[in-house]
Amino acid sequence: MLWIKAFHIIFMVTWFAGLFYLPRLFVYHTMVTDEEGHERFVVMERKLLYMMTLGATLTAVFGVWMLVLAPPLLKLGWMHAKLGLVLALIAYHVYCAKLARDFRDGNNRRSEKWYRFFNEVPALGLIAIVVLAIVKPF
C-alpha cells in the first residue's frame, strides 16, 4: 500500500505542477501580440496540458487503487470532502483545456488580470486537500 501511496503523491505533484503553471502561461499568452509568440504559447500549453493530464490520470488510478484496497476510507467524512475537492480540481483542469483551445483558436476573451486570479485557485485546493489528508479533521 505504501508504494501505491508514494506513486499517488508523485503523480499528484506532477498534476499540480501543471495546474500551477498552465494558467501562468495564459497570463503571459494574453500579453503576446505577434503570431510567432502566439504559436509558441499554443505549443507550450498543448504539451503542458498533455503532461498534466497524464499526471491527473495516474493520480486518479493510484488513488482509486488505494480506495479499492481500503474501502473503509470511503466512510470517513474527510475523505468525502477530499474527493469533492478532487472533483472540483478535475473540473478546473477540464476548464483549463477549454481555455487552451480558446487561445489556440484565437477566441480568448479573458484579461491578464483575470488569469492572475484564476491561477490561484489550485493553491487553495492543494492546501485544503493536504490538510484533509494529513489532519483528518472529521
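The values are calculated or read from the model by the stated rules, or taken from the named source; none is laboratory data. Source: prediction; values computed, not measured. With ideal geometry, Cβ positions are generated from the backbone for all residues, glycine too; neighbour counts draw on all protein chains shown. Remember, those area values only see protein heavy atoms, side chains included, never the ligands or the DNA or RNA. Shrake-Rupley method; radii C 1.70, N 1.55, O 1.52, S 1.80 Å.
Summary of computed values
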item	result
Criterion: within 14 Å of the chain's Cα centre (by Cα), free of Cβ contacts under 8 Å to residues at least 24 places away in the same chain, under 28 Å from Phe117 (Cα atoms) and assigned to a helix (DSSP H, G or I) - qualifying residue of Tyr21, Tyr95, Tyr28	Tyr95
Residues (exposed (fewer than 14 other Cβ atoms within 10 Å of the Cβ) and not aliphatic (A, V, I, L, M)) located in the range 58-72	Pro71, Pro72
Residue match in the range 55-73 (condition: at negative phi and part of a loop (DSSP other than H, G, I, E, B))	yes
Residue check for Lys75: open to solvent by 50 Å² or more (accessible area, probe 1.4 Å), within 26 Å of Arg40 (Cα to Cα), out of contact with any helix residue (DSSP H, G or I) (no Cβ under 8 Å at 6 or more places or on another chain) and modelled with pLDDT of 95 or more	no
Leu83, sole failed condition from (1) touching a residue at least 24 places away in the same chain (Cβ under 8 Å); (2) open to solvent by 50 Å² or more (accessible area, probe 1.4 Å)	(1)
Residues that are modelled with pLDDT of 95 or more and open to solvent by 60 Å² or more (accessible area, probe 1.4 Å), drawn from the range 1-32	Leu2, Trp3, Lys5, Phe7, Ile9, Ile10, Val13, Phe20, Tyr21, Tyr28, Met31
Test: residue in the range 104-126 that is under 19 Å from Met52 (Cα atoms), open to solvent by 60 Å² or more (accessible area, probe 1.4 Å), of a type in the set (Phe, Trp, Tyr) and in a helix (DSSP H, G or I)	no
